[in-house]
Every structure is written in C-alpha cells, then in structure tokens.
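Heads up: the structure comes next, in structure tokens.
What follows is calculated from the coordinates using simple rules that are stated; it is not laboratory data. Being a predicted model, the structure only gives us computed values, none of them experimental. FYI the Cβ positions are ideal-geometry reconstructions off the backbone, even for glycines, and counts take in every protein chain you see.
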Amino acid sequence: MKLFTVSQMVAAEKTADSQGNSYAQMMETAGRSLAEAIIARWPVADASILVLVGPGNNGGDGLVAGRYLAEAGADVAFYLFKPRDPEKDENYAKIQQMGLFAVDAAFDQRFRVLRTRLNITDILIDALLGTGVTRPIAGDLAKLMQQTAAGLAERRAELAAAARSPLTSLTDFSDKVTRRQGDKVTSQDHVTLSPGHPFTRSPLHPVTVAVDCPSGLNCDTGALDPVALPADLTVTFAGPKRGHFVFPGATAVGELVVADIGITEEMVSDVLVEVATLELAHNLLPDRPKDGHKGTFGKLLIAAGCEKYRGAPLLAARGAFRAGAGLVTLAVPSVLRLGISIALPEATYLDVSDWWFGEQPDPNIDSGQLTAVSAHPIRQNASKFDALLVGPGLGDADDFITTLFPADGNAPDLPTLIDADGLNALARLDNWWERLPAHCVLTPHPAEMARLMGIPLAELLQQDRIETALAQAKQWHQVVLFKGAYTVVAAPDGRATLLPFANPVLSVGGSGDVLSGVIATLLGQGLEPYDAARLGGTLHGLAGERSGQKAGLLASEIADLLPEVIALL
C-alpha cells in the first residue's frame, strides 16, 4: 500500500478527478467508508454521535459520514466551525433535509451547546482539519478544540464516578475484577474484528474518530499541536500519510484504517514509498513444497558470538529455524558450542577453532573471540551455503571483519546480512561499503546507523527516517533495514517500505538477533534482499503483536511465535 506525503495525496486526488472519479464522488465514498468503519467497531443504534465539521473537504467527509450513521439509527449532531451554505453544499443540504441537529460555532456563546452535547456523546468524529495542518493552531479554532478536550475529559470523569464500585476485593485476582476499574463490559459490548483481535467498548471512554488525520497532526512531519485531538480510530483515505508513523504524532492516531476511495495504482505509480500489509507478506512467503528437503529450505551460515555475548548466535539460529530454515550452521568460538548445542541441538557447526594460518594456530581462537584466522574457513566454505549472517554478539572483532570483507572487495559471494557488531566494525573502516558483496541487507538500529554515517546520534534523530534510509541505501548500494518504531526498509533504487509496528514488547535484548536470523533465512530461500528484509521485518513485528503482551516477552519467545505468524499468513 502506498505511503503518501500530503502533496502526493493532493496530486493523486487531482489525477483521479481528471480521470472521472470526481471530488464529490471521492467525498461520498470517504464518508460512507468512515461510517462503515465506525459501525464495524461500535454499536451505533441509539448512540449519541457528535461530528465536528471543519470548513474544507475534511468537514464534508464528516457530513457524509454523519448522514450514514443517522440512517443506521444513531443520534447524530453536527457542530460547524464555519457556516456552510446549503445552496452550494449538497452534503450540508442533505443533513438539513433529514432534520439532523446542526449548530454554527459563531452562534454558540461560550461553547455552551458544544459542552452540553459532549456531556452525552458516545462517539466524537473529528472532521475539522484532516491533513491540512502546516502551522500552529490559534484563535477560535484552538479554543474550540480546547473546549472539546475539556468536555471529553469531564464526560469520562463522570462516567468513571458513576461506574466505580464501592467494593474492592483483596483476594480475588480473576479477570472479572482485574479489568480497568469501572469497565462494566457486557457481551453486547464485545465485537470481534478478526480472529485474535477483539475490540471492547468501555463506557468510560467515549471514543474519538479522526477523519483522515487527527486535527493538529502534521501529516508530513508528525509534529503534534498542543491542542490536537488524539483519536482512538483514524480512518484515512487511499493510503496512510507519513505523519501517521512519525512521533509524537503517531501517539495520537490510535487504530489506523485505510479506506479505498477509487485512486488506482496507475494514478500513483510515481509514489515509491509503501507501507507493508498482511497481503504483501502473504504474497512474499516462500513456497513450502511437500517434497522439499532441508536443502530446499535454505542452508544458512551464521558467524556470530563471543564469550561476552554467548546467547546472540543461539537466538539468531533459533529465529532462523523458526522462520523455516532447513539447515543452520554456526561459526562460533569453540567455548560457545557446548551451551548452544544443549539449547539448540538442531544446529551444526563450522570448525574455526583448529584452522591454521601459515604454520601457527591463532592463540586467540579458544579465548572466546572470532579473529582474522577464523575468517578463512568461512571464506573457503561460503559456497556451500545459500546465505551468510554476520555480526550478532561478535564483540570487538575488527580483524575478523576486515579479513572476511577485505579492501579489494573479494568478499564471499553470497547473499549476506550484516548486523550489530559486524556493522560497528565496518563503521571504523573508510569507504566500508566498497568491501561488501552485491546482495546484502544491513540492519542498523539508530546508534549503529549514526556510526555508519559518521554523524552524532542526536543529529541522526532529527532526520526523517524514511529519507535517511533511502539516502544511505543509495550511497551504500545495499538494502538497509533501519530499525525502530516503524522500521523502514530501503532499496538502492529508491523504493522503501515502512513496517507498521511500534510495539515496545519487541524492545528486549536479543530481539534484533532473532530478526537477523529470520531475514537471513529468507535470503537463503531465494528472496531478493529487499523482499527478504521487508517480509522478515513483518514476521518479526507480527510476532510481537500476536503475543498479546505489553512487556516481558523474551527474544526466544519472539522466535517461537514465528510459526504461528507464518500459519496466519
């Protein structure tokens, strides 16, 4: 699915209008889709719904949605920031013909009507500004939004007080009493969206639905105005906007749903940045033929680990196996083998401990560190494998990395993923990217990316993540997976895919090692680096989502959830 800047979205709508999908028709489709999204999540019959109507097309979308919700049995009212002329505004004329309540803000002294209506509101639809925010909100609009926020807070406080029980159990910790206090949820309040994804409506939280974008969020930069209205659900059109995935604005989006308004792929062929979807992941999954054998499903070599980081190669191998690798071979210091073989007996080993360089064995081989000497058997045996993973838990392994990837560019010629200490070692070399083979995936987190770029981390964090990943992929001639909340995968040819996951449960030591194992497995199964990176990142992100946890998930448990995620897809 395309990921738009605001200007790209404006251009797409203009193109659609010129090709027969008029602005009026797109507005009708958008409003109907917004209503359908609300109806799918909450019971609307007899619900009190308030639509905040802005002066532009966003307000028009809200008018259309309110009409459909009224037809579905809701009690809908409209609060207009600016007057609308029914002689010129067909959608406003239609709600008047239906006899629906509407008031202009100019006639509402001290926001009394607004506050009165908010006191009974179950669902608030924010159709004030949409994607049009480019400067701070001030004046009458700021006051309206502040009053709205205050009214919602007052409504929630009243509902909380009314629902609070005078009884507190100190010995029963079952689900019925550990719900959020006052959450008197009944079976009628529970709506199943899809297997494993229930939505529970709480009477303590009258929900806010944003049309296209929460008012006050800059849909290019993610900047969030102090008076912005955070949403529980944002329904956007044609495709998400970049600001939906940039903090702090991303915190105000809530659930993000995309509605099709008839903008075709051909109309936006020049937009090269996408967001990953389940459909994309499904289409990228490698085949699993019934007559396959372990060679069919990829032979992966992992060069990783040191005495200080003994678990890193184990977690990478576990991720690889759980992602479907047929054979995983570890090139690790000999002191790590016993522990890994007990925890993961499926792995095999490449012997680097007895490799001779000239006439003398390397005295450091058995001290828990891969060295320059260790790189030789890896180079000599690389052709026996389908993919190579280098870096997790290597420690200070500069000699190993410079020998494995020499300055003459004569690196092992197979798909390679470089992560963690492998990236840190490369960062200390001039023009390090010239040493790499042609088909690599680099997976830096922000600190590693800053080192690779040779800039302070603080400077990097001020940059646009998508544009940074694209620029570095082009400079380094490799696929870059830039980790973080909303990971970005960028290719040297200008394509990029954002992964729509921002889950703190994945922020645990070893999580990146598992991810590396997953992507390297997909490389070994024949996927191109760009596809392997975006599918692997999606599998990893989905594992976090499917865990159902907010914290406490172990990296090994992320790996163990991968078969379930693959089955889901």
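What does the convex hull of the Cα atoms of the stretch 1-109 come to per residue, in Å³, rounded to a whole number?
On the way: hull volume 14.3 nm³, N = 109.
Enclosed volume per residue, from the Cα hull, is 131 Å³.
What does the C-alpha gyration tensor say about the overall shape of the stretch 220-343? Classify as rounded when a/c is under 1.5, otherwise prolate if a/b is larger than b/c, or oblate. Can you show the working numbers first?
Values: a/c = 3.55, a/b = 1.82, b/c = 1.95.
Oblate.
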field: 3J(HN,Hα) from dihedral phi, the stretch 433-439, Karplus parametrisation 6.51/-1.76/1.60, rounded to Hz, x for glycine, proline
entry: 5, 6, 7, 8, x, 6, 10
field: Euclidean distance between Cα centres, the stretch 9-81 to the stretch 401-434, Å
entry: 53
Order of Ile566, Ile49, Ile302 under a 10 Å beta carbon neighbour criterion, fewest first: Ile566, Ile49, Ile302
query: If you compute Cα extents along the principal axes in Å for the structure shown, which of (1) 116, 57, 41; (2) 76, 57, 47; (3) 94, 64, 49 do you land on?
result: (3)
query: Can you list residues whose amide H is under 5 Å from Glu274's amide H, if they're 5+ apart or on another chain and H is modeled 1.01 Å from N?
result: Leu3, Ala496, Thr497, Leu498
field: On Cα atoms only, tilt of 334-343 relative to the major axis of the chain in degrees
entry: 50
statement: Cross-link reach from Lys294 to lysines, straight Cα distance under 29 Å and at least 8 residues apart if same chain, gives Lys384
field: 3J(HN,Hα) from dihedral phi, the stretch 562-568, Karplus parametrisation 6.51/-1.76/1.60, rounded to Hz, x for glycine, proline
entry: 4, x, 5, 5, 4, 4, 4
message: Bin width 5 Å, origin at 0, all Cα-Cα pairs of the stretch 484-569: what percent of pairs per bin?
response: 3, 16, 26, 27, 18, 8, 3, 0
message: Could you give me D for the stretch 7-49, from Stokes-Einstein at 10 °C and 1.306 mPa s, where the hydrodynamic radius is the Kirkwood radius over C-alpha pairs? Units µm² s⁻¹, please.
response: 131
query: Can you pick out the pairs among Lys241/Lys299; Lys241/Lys474; Lys299/Lys550; Lys290/Lys550 whose Cα atoms lie more than 30 Å from each other?
result: Lys241/Lys299; Lys299/Lys550; Lys290/Lys550
- prompt: Any idea how far the Cα center of the stretch 440-459 sits from the one of the stretch 222-254, in Å?
  reply: 27
field: Table column - 3J(HN,Hα) (Hz), the stretch 223-237, Karplus curve with 6.51, -1.76, 1.60, x for Gly and Pro
entry: 4, 10, 5, x, 9, 4, 9, x, 10, 8, 9, 10, 10, 10, 10
message: Can you list residues from other chains, or at least 5 along the same chain, whose modelled amide H is less than 5 Å from the amide H of Lys241?
response: Phe4
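Give me Rg/Rg_expected for the stretch 89-144, where Rg uses Cα atoms only and Rg_expected = 2.2 N^0.38 Å with N residues. Don't jump to the answer; show the numbers that get you there.
Numbers: Rg = 13.5 Å, N = 56, 2.2 N^0.38 = 10.2 Å.
In units of the globular-protein estimate, the stretch 89-144 measures up at 1.33.
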- request: Calculate the length of the line joining the C-alpha centroid of the stretch 290-330 to that of the stretch 472-511, in whole Å.
  value: 21
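When you have a sec, figure out the Kirkwood radius of the stretch 49-143 from all distinct Cα pair distances and drop it here in Å to one decimal? Let's see the in-between values first.
Values: mean 1/r = 0.0737 Å⁻¹.
For the stretch 49-143, the Kirkwood estimate is 13.6 Å.
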message: Check which residues have an amide H placed less than 5 Å from Ile261's amide H, if you skip close sequence neighbours.
response: Ala238
- line: Placing +1 on each Lys and Arg Cβ and -1 on each Asp and Glu Cβ in the chain, then taking the dipole about the Cα centre, the residue among Gln380, Ala420, Leu554 whose Cα reaches farthest towards the positive end is Leu554
Per principal axis, descending, Cα span of the stretch 278-568 in whole Å: 55, 45, 35
